[in-house]
Amino acid sequence: MSRFNALNLLKNALSGNKNWTEQWPDSQPKSEYDVIIVGAGGHGLGAAYYLATQHGITNIAVIDKGWLGGGNTGRNTTIIRSNYLYDESARLFDHALDLWQDLSQELNYNVMYSNRGVLMLAHTVHDVQSFKRHVHSNRLNGVDNQWLTKEECKEYCPPLSIDPNARYPVVGGALQKRAGTARHDAVAWGYARGAAARGVDIIQNCSVNAIRRNADGSVAGVETDKGYIRAKKVAVSAAGHTSVVMETAGVRMPLESYPLQALVSEPIKPIFPCVVMSNAVHAYISQSDKGELVIGSGTDQYTSYSQRGGLPLIEHTVAAITEIFPMFNRMRMLRKWGGIVDVTPDRSAIISKTPVEGLYVNCGWGTGGFKATPGAAHTFAHTIAKNEPHPINAPFTLDRFRTGRLIDEAAAAAVAH
Amino acid sequence: MLLIHCPYCDETLPELEFTHAGEAHIARPENHGGLSDSDWESYLFIRTNVKGPQYERWRHLHGCGRFFNAVRNTVTDRFLTTYKADEPRPELSTLTGDEK
Ligand SMILES: Cc1cc2nc3c(=O)[nH]c(=O)nc-3n(C[C@H](O)[C@H](O)[C@H](O)COP(=O)(O)OP(=O)(O)OC[C@H]3O[C@@H](n4cnc5c(N)ncnc54)[C@H](O)[C@@H]3O)c2cc1C
Ligand SMILES: [Zn+2]
């Protein structure tokens, strides 16, 4: 693997970019690994990267049933922010936000992290009260967040309509300036490249069909499309399919899987400077560096593994967006797609040991785990290597649903993403 | 758009009239006082989350308002059957999915 630098770019440009070497090999499984990670999304690949770089564990396979980054990592709308209400969440997401700042340098791979700001719109008196409370609580936690009047909102995001007669009038907003977006594929590719360079095998197009256990109950290995592979530790990071994979180890999960959809418009010149989201109308929008407007909303109402979702939700989303941004009402949409997101009862993630010795799980990221990728991967790697959680993910256990120590971001009702 | 058959109205209507109401046949335990934390966890939080035919509840919110049960394949989103709330859970082997 060659490092990316100005000299290398120039050299390869002069030879027509025909001499780049592959960024990671297409590995075939060995018979045994120290750690097998199920799921080559950003979280799984990132965990492999941090196991290799921070814990000296390199005999690792990351196995995916499809291609790496082809799950929610490659399907999400890339909003990154950390203004969550509860202390536990604030710490976890702010940890991730810290890691985003120089992730490109760390990986020597441009993840195009752009802190263009995320603005959450308030439309009612109730929104104003709860947002202001949210801003104060974030600030007490050292998390950047500020209140803007509607004029300040308009100044920060000129395409916004603050017409008081609008269907959803804007009365103000909460702005996290440090928040923004990143290139989703590049995050998966950068971690894959960094992990592979340190000896991690990335095995694609190979479904993990069952987790096997020893007579004493501990983890023994995994059955896959490419045969049985022994493992000292198995770490599941399979997003919407986590219930299905964990069931094979006899662990029933507090998860439900829903389709979450998004859509993009045809590309246009730069017009939209930040990310805007609205809880009340359940829609959000930003503009990608390619020029497409990237639009999304909440999950479909029914659980499903169809990775598709229904059109009523798209209609609702587009209607909401054109109410707030009437100037977009004649934009043509290019395509829409869905991913399967795994949702917990309290809408907080699980990064945890499990009742099975040697089995670990990172899941429950629902509609908003892209932003957490570096933080989740980093603390998951710690949990796997040390067989105990990092202080930052310690509250995000699987057994909180038995003890009752929920982290109720669902009630805190910051919209997802 | 899903088309859903309400067993009370006996009509097949668009998804927009209905709300999904989670996994079906989860009975509230009777001896609350004697339940362990794990029993509460199973009842309140653990879900089967089936990939395939799933027993689930729906409500005909913008119609008769009633709750009923359904079997739907969560891979294809195709309904195999719908039935009234007090009817027994149909065996999967009896379901063809050829419902109107
Ligand atoms: C439309 C959409 C918009 C979103 N928008 C945002 C957003 O703006 N901001 C944000 O923070 N989050 C967002 N999210 C959520 C975010 O995408 C996810 O939380 C995050 O990407 C999860 O990463 P992951 O690596 O855990 O999962 P994934 O990238 O889904 O990786 C899991 C992998 O596991 C593999 N797998 C599953 N089962 C098996 C098996 N049996 N064997 C082998 N491999 C298996 C899958 O193929 C997949 O590649 C969005 C999600 C969607 C769908
Ligand atoms: Zn009805």
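Regarding segment A:72-219, what's the average projected area of the Cα-atom convex hull, expressed in nm²?
Taking the Cα atoms of segment A:72-219, their convex hull projects to 13.6 nm² on average.
With no solvent and one equal point scatterer per Cα, compute the Debye intensity ratio I(q)/I(0) for chain B at 0.12, 0.15, 0.18, 0.24 Å⁻¹ and report its log10, rounded to two decimals.
-0.43, -0.65, -0.87, -1.30
Can you give me the long-range amide H partners of A:Ile80? Hydrogens built in the peptide plane at 1.01 Å from N, cutoff under 5 Å, separation of 5 or more residues or another chain.
Close amide H contacts, sequence-distant or interchain: A:Gly180, A:Thr181.
Averaged across the residues of A:251-260, what count of C-beta atoms belonging to other chains lies within 10 Å of each residue's C-beta?
Taking all residues of A:251-260 together, the mean is 4.
Quote the charge dipole size of chain A about the Cα centre in Debye, to the nearest 20; the model charges only the Cβ of Lys and Arg (+1) and of Asp and Glu (-1).
Numbers: 41 positive and 37 negative charges, 101 e Å.
Roughly 480 debye, rounded to the nearest 20.
Restricting to bridges with both residues inside the protein assembly as shown, how much of the DSSP beta-bridge set is antiparallel, in percent to the nearest 5? Provide the component values of the computation, followed by the final result.
Values: 66 of 86 bridges.
Just about 75 percent of them are antiparallel.
Each residue of segment A:208-215 in turn: what ³J(HN,Hα) in whole Hz from Karplus with 6.51, -1.76, 1.60 and θ = phi - 60°, glycine and Pro shown as x?
Running phi through 6.51 cos²θ - 1.76 cosθ + 1.60 with θ = phi - 60° gives 8, 9, 6, 9, 9, 10, 6, 4 Hz.
P(r) for segment A:203-255, please, calculated from all Cα pair distances in 10 Å bins and given in %.
Over segment A:203-255, the share of Cα pairs per 10 Å bin runs 24, 59, 18, 0 percent.
With unit charges on the beta carbons (Lys and Arg positive, Asp and Glu negative) and the dipole taken about the Cα centre of chain A, which residue among A:Gln105, A:Trp337, A:Ser243 sits farthest to the positive side?
Among A:Gln105, A:Trp337, A:Ser243, the one farthest towards the positive end of the dipole of chain A is A:Gln105.
Roughly how many Å is it from the Cα centre of segment A:235-289 to that of segment A:31-93, as a whole number?
If we compute the Cα centre of each part, the gap is 15 Å.
What is the extension gain from A:Ser161 to A:Lys18, computed as 0.36 nm multiplied by their sequence separation minus the C-alpha to C-alpha distance, in nm to one decimal?
46.7 nm
Placing one identical point scatterer on every Cα of segment A:29-91 and ignoring solvent, what is log10 I(q)/I(0) from the Debye formula at q = 0.19, 0.23, 0.25, 0.26 Å⁻¹?
Values, matching the q order: -0.83, -0.96, -1.01, -1.03.
Can you give me the pair-distance distribution of the protein assembly as shown, C-alpha pairs, 20 Å bins, whole percents?
Histogram of Cα-Cα distances, whole percents per bin: 21, 54, 24, 1.
Which FRET efficiency value, to the nearest 0.05, is calculated for B:Leu3 and A:Asn8 with the Förster distance at 51 angstrom and r the Cβ-Cβ distance?
0.35
With charges only on Cβ, +1 for K and R and -1 for D and E, what is the dipole size of segment A:238-334 about its Cα centre, in debye, rounded to 20?
180 debye
If you take the square roots of the eigenvalues of the alpha-carbon gyration tensor of segment A:1-112 and sort them as a ≥ b ≥ c, do you get rounded (a/c under 1.5), prolate (a/b over b/c) or oblate?
Numbers: a/c = 1.90, a/b = 1.24, b/c = 1.54.
Verdict is oblate for segment A:1-112.
State the answer as a single residue: which of A:Ala90, A:Pro29, A:Asn19 lies farthest towards the positive end of the charge dipole of segment A:1-90, with beta carbon charges of +1 for Lys and Arg and -1 for Asp and Glu, about the Cα centre.
The residue sitting most towards the positive pole is A:Asn19.
Expressed as an acute angle from 0 to 90° and rounded to the nearest 10, what is the orientation of the C-alpha long axis of helix A:125-140 relative to the principal long axis of chain A?
For A:125-140 against chain A, the angle is about 50 degrees.
Using only Cα atoms, tell me the angle between helix A:373-386 and the longest principal axis of chain A; keep it within 0 to 90° and round to the nearest 10.
The answer is roughly 30 degrees.
Please compute the contact order of chain A in relative form: average sequence separation of alpha-carbon pairs under 8 Å and at least six residues apart, divided by the residue count, as a percent.
On the way: 960 pairs, mean separation 91.3, N = 417.
So the answer I get is 22 percent.
Ratio to report: Rg/Rh of segment A:237-300, with Cα atoms as the point set and Rh obtained by the Kirkwood method; give two decimals.
1.19
Can you give the FRET efficiency for A:Ser114 and A:Glu315, using 1/(1 + (r/R0)^6), R0 = 35 Å, r = Cβ-Cβ distance, to the nearest 0.05? Walk me through the numbers on the way to the answer.
On the way: r = 30 Å, r/R0 = 0.85.
Using R0 = 35 Å, I get an efficiency of 0.75.
For the pair A:Asp102 and A:Lys290, how long in nm is the line joining their label points, each one 7 Å along Cα→Cβ?
About 3.1 nm separates the two model spin labels.
Show me the three semi-axes of the equivalent ellipsoid for segment A:99-159, from the C-alpha gyration tensor (sqrt of 5 times each eigenvalue), largest first, rounded to whole Å.
The three semi-axes for segment A:99-159 are 29, 16, 8 Å.
Only residues of segment A:105-127 count here: report those whose backbone N is under 20 Å from the spot 7 Å along Cα→Cβ of A:Lys154, or say none.
A:119-125
By a straight-distance test (C-alpha under 20 Å), which aspartates and glutamates pair with A:Lys226 as possible cross-link partners, with residues fewer than eight away in the same chain excluded?
Partners within reach: A:Asp26, A:Glu32, A:Asp34, A:Asp64, A:Asp201.
Answer with one residue from A:Gly172, A:Ala195, A:Ser161: the one whose Cα lies farthest towards the positive end of the charge dipole of segment A:145-234, charges on Cβ with Lys, Arg +1 and Asp, Glu -1.
Selected residue: A:Ala195.
At 0.36 nm per residue, minus the direct Cα-Cα distance, what do A:Glu223 and A:Asp408 gain on full extension? Give it in nm, one decimal, please.
63.0 nm
How high is the FRET efficiency between B:Asn31 and A:Asn387 when r is their beta carbon distance and R₀ equals 35 Å, given to the nearest 0.05?
Given R0 = 35 Å and the Cβ-Cβ separation, E is 0.40.
Could you tell me which of rounded, prolate or oblate describes segment A:153-259, using a ≥ b ≥ c as the square roots of the eigenvalues of the alpha-carbon gyration tensor, with rounded for a/c under 1.5 and, failing that, prolate when a/b is larger than b/c and oblate otherwise?
Prolate, because a/c is 1.5 or more and a/b exceeds b/c.
Laboratory data are not the source of any read-out in this text; all were calculated from the coordinates shown. No experiment lies behind these values; they were computed from the predicted model shown. All Cβ positions, even for glycine, are placed from backbone atoms using ideal geometry, and neighbour counts span all protein chains on display.
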